[in-house]
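Q: Right, I'll just put the structure down here and ask away after.
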Amino acid sequence: MNWFSRVRNSIPFIARQDSTPDNLWHKCKACGEMVFAKEFEDNLSVCPKCNHHDRIGAASRFGMLFDDQIWEELSSPTVREDPLKFKDSKKYVDRLKAARAANVGNDALTNALGRIHGNKAVVGVQDFAFMGGSMGMAVGAAFILGTERAIAEKCPYVIFTAAGGARMQEGILSLMQMPRSTVAISRLHAAGLPYIVVLTDPTTGGVTASYAMLGDVQMAEPNALIGFAGQRVIEQTIREKLPEGFQRSEYLLEHGMLDMVVERKDLRDRLGSVIDYLMAAKAAA
Amino acid sequence: MTMTSYLEFEKPIAALDARIAELRETADTGEIDIESEIERLAAKSRKLLASTYAGLTPWQKTQVARHPARPHFKHYVAGMFDDFLPLAGDRAFGDDKAIMGGFARMGEQRMVVIGHEKGDTTESRIRHNFGMGKPEGYRKAIRLMDLADRFGLPVVTLVDTSGAFPGVQAEERGQAEAIARSTERCLTLGVPMVSAIVGEGGSGGAVALASAERVLMFEHAVYSVISPEGCASILWRTADRAADAAEAMQVTAADLKRLNVIDRIVKEPVGGAHRDSALAIQELAKAVREELETLKVLSPAELRAAREARFLAIGAL
C-alpha cells in the first residue's frame, strides 16, 4: 500500500473506489446477468452464467497466459502521428488523445515476451478498447516489432487479434499495413518460426484479410465475431437475413477457416501444447 | 472523340459540346461561314476540358475513375498485348469472372497478366460481378502467380475494383483468407511484378493484387482503404459527405506518390482515359514495358528483398 492509499483508506468518509456498487457487480453484456465483479474476474472475464467471453486488454491477457505471470512488455514503436492531418467531425489527434487518456495503452497493439509452458514466446494483444483495435501505422509497426523480437529470441509470435479493421484516419497508410504485416510473417517463416493466431471478438475488415488469417495454426475464442465484410454491408448487398451464427467462431470452424475454438480457460494450455509441437524439432536441433 | 455521358462537374463542357453539335448540323445544311464559330467553340471546349481536368478534386477523380466508359481489363489486354491466352478457375470451387487472367505477350516479353474486370454492359457487369472478386477469384490469382513463379514469367496486374464482394457465401468460403494469401503470394514471388491501379483501387480487394515492387497508377485513378461513401457514412454518419472523405483520406495518384505508396503516375489523355482509350492504353503499355525492363536484372532473392523493403519503408519516420 503506498502512502496515498494509506492516507485515503484511513479517512472513513471517502469510499474506496473498488467498493462502489458500480464496481462490485458486473452485468454480462450478453445475458444481462449480474455477477460479482471478483467472481467474473476470477473467471477470466468470462460470464459464469452464459460463457460470454468479454473483451479484455493486453495486461489481463498477458496475466492469464505467461508462466508465473511474468512477462516483459516490449516498448511501443514510434511512428508518424496523424500523417494525413485527418479531420472528420473530430480531429484524429484528438481521438488519439482521448483513447490514450482512457489508459489502455499508447495504441491498439501491445507485445510482451514471456514463457508459456516453459517455451519462450512473443505475444501481441490487440485491444478493441483503443479506437476499436483499428490497424494503423502504430499497430503495423508493433506487429513488425513483435515478429522481429520473436526472430531475435528464436521463438514463435502469437497474436491475439481484435479490430474493427483498418484505421480510416490514416487512409492508404492503414491499408498498407496489410502487406507490411504480411512481409513480417514471411520473415518469421523464413527463420523457421511459427506464427500463431488467436482470433478474439471482434476481428473484421483489413485485419482479418491480412495477418489474422495467415497463422500456421488458427484458434479463436468462442462466439467471436470474425469476418471480412460488415454484416450490415452484406445484408444491404444480398437483401436477406443472415444465417444463424454467421461470422461467429463456430461457423468459421465449420467452414474450414479455423483449426479450433478454444475457451479462454484452456488457451494457455492449448497454446503451450501447439508451441511445443511446432518448436520440438528446432529445440532438438 | 466518342462521348456518351458527361459527369456532373463536366456540365459546362457538355453545354459547349452540345452547342458545337448543333452548329455542325446547321453547317451540314450548307452555311459555310459557321465553321469559324465551331472552331472557336471547340477550342474553348478543349481549353475548358484541360483546365477542368488539371484541377480535379479527389471526389471528382473518384467519379472519373468509376466512369462507365473508362477502359477495363479486356480493353487493356486487347490494346497492350500482342497475344493473350486466358486461363480460368481456382481448381477448388469455380471460376470467378470478376478477376481475369492468363498468359500475355508484349513483343517478345511473355508474362502472366491478372486483373479485375468490371464489365461494360448490364449483362457483362452482372457476369463479372461489377469487378468485385470472390475467394475463388483471389485463389485463381494465387494459382496464376504460382504458375508464373515456377516458369519464370513476370506478373502484371491491373487493379480496378470497388472492393472484394461482401456476401454470405464469399465469407463462408474465406474471403479474408483468400485476400491475405493473395497478398502473401505477391510478396513472395521470385519473378518481377508490376501492378497498375487503372481505375478504382478499393481496399483489401485491391491490395491482394497490388503488393508488387513497382506500383503504377493512372493520373485520375483512386486508391483507398475504404470508399469515400463508406468512410463518410462511418465518420460523418452520412454518405453525403463522400467528397469530404475523399479529400481527407488523400486518395489521388499525386497524394499516394507523395506518401510513397505508388512509384509512378501514368499520364492520361486530356479529359481522362475514357476520352481516348487507345492513347491511355498505349501510355500504360509503355510504362509497364519500361518497369519490367528495369526489373529484369534482379534475381529472385533480390526481387523479394526489394518488395519487402519497399513495403516496410512505407510510412517510416
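Q: Just checking, which of B:GLU123, B:GLU172, B:GLU108 is of a type in the set (D, E, K, R) and closer than 22 Å to A:GLU240 by Cβ?
A: Result of the check over B:GLU123, B:GLU172, B:GLU108: B:GLU172.
Q: I need a count of the residues in segment A:67-84 that are outside any strand (DSSP E or B), without any contact (Cβ under 8 Å) to a residue 60 or more places away in the chain and away from every other protein chain (no Cβ under 14 Å).
A: Residues that pass the stated criteria total 5.
Q: Hey, A:TRP25 hits all of (1) surrounded by 12 or more Cβ atoms within 10 Å (Cβ to Cβ); (2) at pLDDT 95 or above but one; which does it fall short on?
A: That leaves (2) as the condition not met.
Q: Which residue pairs have Cβ atoms closer than 8 Å, lie 6 or more positions apart in sequence or on different chains, and pair a first residue in segment A:205-234 that is more than 9 Å from every other protein chain (Cβ to nearest Cβ) and surrounded by fewer than 23 Cβ atoms within 10 Å (Cβ to Cβ) with a second residue that is assigned to a helix (DSSP H, G or I) and among the acidic types (Asp, Glu)?
A: A:PRO222/A:GLU250; A:ASN223/A:GLU250
Q: Are any residues in segment A:51-84 surrounded by fewer than 18 Cβ atoms within 10 Å (Cβ to Cβ) and of a type in the set (A, V, I, L, M, F, W, C), and if so, which ones?
A: Passing the criteria: A:ALA59, A:MET64, A:ILE70.
Q: For segment B:145-164, give me the residue count where each residue is within 14 Å of another protein chain (Cβ to nearest Cβ), part of a loop (DSSP other than H, G, I, E, B) and of a type in the set (A, V, I, L, M, F, W, C).
A: 1
Q: Could you please give the count of residues in segment B:261-317 that are away from chain A (no Cβ under 14 Å) and aromatic (Phe, Trp, Tyr)?
A: 0
Q: With A:LEU278, A:LEU225 as the choices, which residue is in contact with a Pro (Cβ under 8 Å, 6 or more places away or on another chain) and more than 26 Å from A:ASN51 (Cβ to Cβ)?
A: So the residue among A:LEU278, A:LEU225 that is in contact with a Pro (Cβ under 8 Å, 6 or more places away or on another chain) and more than 26 Å from A:ASN51 (Cβ to Cβ) is A:LEU278.
Q: Identify, please: which residue in segment A:85-106 is within 14 Å of chain B (Cβ to nearest Cβ) and surrounded by 14 or more Cβ atoms within 10 Å (Cβ to Cβ) and is, among those, modelled with the lowest pLDDT?
A: Checking each candidate, the answer is A:ASP88.
Q: Next question, about the same structure. Go over the candidates B:LYS61, B:LYS44 one by one and state the one that is part of a helix (DSSP H, G or I), in contact with a strand residue (DSSP E or B) (Cβ under 9 Å, 6 or more places away or on another chain) and at pLDDT 85 or above.
A: Testing whether each residue is part of a helix (DSSP H, G or I), in contact with a strand residue (DSSP E or B) (Cβ under 9 Å, 6 or more places away or on another chain) and at pLDDT 85 or above leaves just B:LYS61.
Q: Mind listing whichever residues of segment A:239-254 are exposed (fewer than 14 other Cβ atoms within 10 Å of the Cβ) and at the interface with chain B (Cβ under 7 Å from one of its Cβ atoms)?
A: Across segment A:239-254, the qualifying residue is only A:PRO243.
Q: Please state which one of B:ALA104, B:ALA42, B:ALA98 is touching an Asp or Glu at 6+ places or on another chain (Cβ under 9 Å) and within 30 Å of B:ALA242 (Cα to Cα).
A: B:ALA98
Q: Let me ask something else. Can you name the number of the only condition in (1) more than 8 Å from chain B (Cβ to nearest Cβ); (2) in a helix (DSSP H, G or I) that A:ALA162 fails?
A: Of the numbered conditions (1) more than 8 Å from chain B (Cβ to nearest Cβ); (2) in a helix (DSSP H, G or I), the odd one out for A:ALA162 is (2).
Q: Looking for something of a type in the set (Phe, Trp, Tyr) and either within 14 Å of chain B (Cβ to nearest Cβ) or under 24 Å from A:THR203 (Cβ atoms) (or both) - is there at least one such residue anywhere in segment A:16-29?
A: Within segment A:16-29, not a single residue is of a type in the set (Phe, Trp, Tyr) and either within 14 Å of chain B (Cβ to nearest Cβ) or under 24 Å from A:THR203 (Cβ atoms) (or both).
Q: Go through segment A:23-52 and give me each residue that's assigned to a loop (DSSP other than H, G, I, E, B), of a type in the set (A, V, I, L, M, F, W, C) and in contact with a Lys or Arg (Cβ under 8 Å, 6 or more places away or on another chain).
A: Selection gives A:CYS28, A:CYS31, A:LEU44.
Q: Is it the case that segment B:48-66 has a residue that's of a type outside the set (S, T, N, Q), surrounded by 16 or more Cβ atoms within 10 Å (Cβ to Cβ) and free of Cβ contacts under 8 Å to residues at least 60 places away in the same chain?
A: yes
Q: Are there any pairs with C-beta distances below 8 angstrom linking a residue in segment A:131-144 that is of a type in the set (S, T, N, Q) to a residue that is assigned to a helix (DSSP H, G or I), with the two at least 6 apart or on different chains, and if so which?
A: A:SER134/A:MET168; A:SER134/A:SER174
Q: While we're here: Quick one: which helices (runs of 4 or more DSSP H) lie wholly within segment A:187-285 and hold at least 3 residues that are assigned by TED's automatic domain parsing to the domain that holds A:ALA108 and at pLDDT 95 or above?
A: A:249-254, A:264-284
Q: Further question on the same structure: Would you please name the residue that is nearest to A:HIS53 (Cα to Cα), looking only at residues in segment A:125-152 that are more than 14 Å from the chain's Cα centre (by Cα), among the small types (Gly, Ala, Ser) and more than 14 Å from every other protein chain (Cβ to nearest Cβ)?
A: Looking at residues that are more than 14 Å from the chain's Cα centre (by Cα), among the small types (Gly, Ala, Ser) and more than 14 Å from every other protein chain (Cβ to nearest Cβ), I get A:ALA150.
Q: Could you run through segment A:136-194 and say how many residues are of a type in the set (Phe, Trp, Tyr) and on the phi > 0 side of the Ramachandran plot?
A: 0
Q: Also, I was wondering about something else. Which one is surrounded by the fewest Cβ atoms within 10 Å (Cβ to Cβ), of the residues in segment B:165-200 that are in contact (Cβ under 8 Å) with a residue 40 or more places away in the chain and facing chain A (nearest Cβ under 7 Å)?
A: In this case the residue turns out to be B:THR188.
Q: So, A:GLY124, is that one closer than 28 Å to B:LEU189 by Cβ, assigned by TED's automatic domain parsing to the domain that holds A:GLY63 and part of a strand (DSSP E or B) or not?
A: yes
Q: Tell me which residues, restricted to segment B:111-128, are out of contact with any Ser or Thr (no Cβ under 8 Å at 6 or more places or on another chain) and more than 16 Å from B:GLY202 (Cβ to Cβ).
A: Correct list: B:MET111, B:VAL112, B:ASP120, B:THR121, B:THR122, B:GLU123, B:SER124, B:ILE126, B:ARG127.
The values are calculated or read from the model by the stated rules, or taken from the named source; none is laboratory data. Predicted, not measured: the structure shown is a model, and the values here were computed from it. Neighbour counts are summed over all protein chains in view; Cβ atoms, including those assigned to glycine, are modelled from backbone coordinates with ideal geometry.
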